[in-house]
1. Return the carbon/sulfur percentage of the accessible area of the stretch 48-164, one whole number, probe 1.4 Å, all protein chains in place.
2. Peptides 56-62, 36-42: what's the order by average Cβ count within 10 Å, highest mean first?
3. Express the accessible area of the chain per residue in Å², computed with a 1.4 Å probe while the remaining protein chains stay in the model.
4. By per-residue mean of other Cβ atoms within 10 Å, what is the highest-first order of 43-51, 85-93, 160-168, 147-155?
5. Could you order the peptides 97-106, 112-121, 173-182 from most to least packed, using the average number of other C-beta atoms within 10 Å per residue?
6. Semi-axes of the equivalent ellipsoid for the chain, please: Cα gyration tensor eigenvalues, times 5, square-rooted, ordered largest first, whole Å.
Amino acid sequence: MPRLSSAVTIALLLAGCATPAQRDMAQARKNFFWPEPKGWDNRRFEFPLYFSAEVKRRGHEELRLMPGFFKLESAELWSYAFAWWLTDERPVNLETLSEDLPKYYRGLCAVDGPKTLRLDPARYRTRVRLDPAVNVTPLTLKQNYQAFLAEVETYECLSEKATGVPLVLKFHVKTFSCREQNRRVALFAVSPKPDGDSIWTTLDNLVNQFRCGN
């Protein structure tokens, strides 16, 4: 993942060097609030994503990578959250998540992972189900709110030592509408850690701070 930080994006805008896509993202970000935790790697990308044009969405993605995301020895390895701020009418549901998540990670490892890794494109399988704890978050008050749990079989392809070993990522997914902004939001907390690990409290708390408007 290229490290285009918030500070770099702002500097480009102030210098008048930003691309139309960067200007569109900057404008879109005026319509929601989501903290950028200090010490985390905070990024954003326009759809279609540079690493996976197969994911047929419009809008942009916000990333919040924990400080140890890229460190193989860290308890925070591959632990992060991301948000999709969507302008298309395609729903976020069991069917589309099952389609999009394998494409997302297959593209991510193929484009950003070392070319020396032997990765089987057929490995990227996903299981998605409704979250039985759907009513335990303040986001339930949002319009068209739904929550899902998911798992994706992928590879460890992004750490500083990128081992290429099989990796299973777990997901807490929340989706709803921002009615006044006419946008659909999908929020993802992601980690290989087992259920009950304290890392999920950190990630879920961050997800729950997303707000439509500023």
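The values are calculated or read from the model by the stated rules, or taken from the named source; none is laboratory data. All of these numbers come straight from a predicted model, not from anything done at the bench. Ideal geometry is used to build each Cβ from the backbone, glycine not excepted, and the neighbour counts take in all protein chains shown. The area values use the complete protein model at the heavy-atom level, side chains included, leaving out ligands, DNA and RNA. Shrake-Rupley method; radii C 1.70, N 1.55, O 1.52, S 1.80 Å.
1. Details: 2880 of 5400 Å².
C and S fraction of accessible area: 53 percent.
2. Values: 56-62: 18.7, 36-42: 13.6.
Packing order, densest peptide first, comes out as 56-62, 36-42.
3. It amounts to 48 Å² per residue over the chain.
4. Working: 43-51: 17.8, 85-93: 16.2, 160-168: 13.2, 147-155: 20.1.
Highest mean packing first, the order is 147-155, 43-51, 85-93, 160-168.
5. Working: 97-106: 20.7, 112-121: 11.7, 173-182: 17.0.
So the peptides 97-106, 112-121, 173-182, ranked by packing, come out 97-106, 173-182, 112-121.
6. Details: eigenvalues 119, 97, 60 Å².
Computed over the chain, the values are 24, 22, 17 Å.
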